[in-house]
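Novice: Just dropping this structure here.
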Amino acid sequence: MKLRKTLIAASFAVAGLSFLGCAQTPPPAPAPAQPPAAAAAPSYPPSVNQMIAATKKQIRTIDMQQFKAGFDRKDLGLIVDVRNENEFEDGYVPGAVNVPRGLIEFRIWKLAGFPEATNMATKMTLYCATGGRCALATKTLQDMGFTNVTAADMRFTDWVKAGYPVAKPAN
């Protein structure tokens, strides 16, 4: 009987607390959201940077000023943005086509005229976010037999900051 009274008293206490909880004022509104901080630059083991540096010694590269000059002269050939699709959608160099690095071996062929008239000398200039992926993609295309491929050793954010042209896909 004593246990039963204790359980009943505890039940009323919990019910009372629940009731009191309902009567409390709502919590204050959350603080306004802060704008998202810029993503930190990815950090990789030194072997990644060493591999990219070694690759850049085996391919033709141009810097951002050379890329811009070629862009202005319309002398870059096929401009290939090897960033991922979501990066491309955020903005790209006008006239560029998006062929992500991970798919370059498979998607480049149509752009080079395959199957009717494949041109392994198709002039191509590749760029990406920081110069690493386009260097690796340029080396891959060279290894596949393409003979006129150049990597733009630049940061796309620097292109944007310089006020150079940026296009966005039509919605």
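Novice: Once you put a point 7 Å from the Cα of Y164 and another 7 Å from the Cα of T147, both along the Cβ direction, what distance in nm separates them?
Specialist: 2.8
Novice: Could you list which residues have their amide H under 5 Å from that of I62, counting only those 5 or more apart in sequence or on another chain, with H placed in the peptide plane?
Specialist: A151, A152, D153
Novice: If you put +1 on each Lys and Arg Cβ and -1 on each Asp and Glu Cβ, how big is the dipole of region 47-161 around its Cα centre, in Debye rounded to 20?
Specialist: Values: 15 positive and 13 negative charges, 62 e Å.
Value, rounded to 20: 300 debye.
Novice: Using 0.36 nm per residue, how much length does the chain from E105 to A54 gain when fully extended, once their Cα-Cα distance is taken away? Kindly include the intermediate steps, with their values, before the conclusion.
Specialist: Details: separation 51, 0.36 × 51 = 18.36 nm, distance 2.07 nm.
Computed gain between E105 and A54 is 16.3 nm.
Novice: If each Cα of region 60-133 is one equal point scatterer, what is log10 of I(q)/I(0) from the Debye formula at q = 0.11, 0.25, 0.26 Å⁻¹?
Specialist: Values, matching the q order: -0.27, -1.28, -1.34.
Novice: Moving on to the next point. What spacing in nm lies between the two simple spin-label points modelled at R155 and K123, each 7 Å away from Cα in the Cβ direction?
Specialist: 3.0
Novice: Still on this structure, please answer the following. What does the net charge come to around T61 if you take all other residues with beta carbon closer than 12 Å to its beta carbon, with K and R at +1 and D and E at -1?
Specialist: Charge balance in the 12 Å sphere: +2.
Novice: Compute the signed sum of charges (Lys and Arg +1, Asp and Glu -1) over the other residues within less than 14 Å, Cβ to Cβ, of E105.
Specialist: In short, +4.
Quick note: the coordinates plus some simple rules give every number you see, no bench work behind them. As the structure is a computational prediction, the values presented were derived from the model and not from experiment. Positions of Cβ are backbone-derived with ideal geometry, glycine not excepted, and every protein chain shown enters the neighbour counts.
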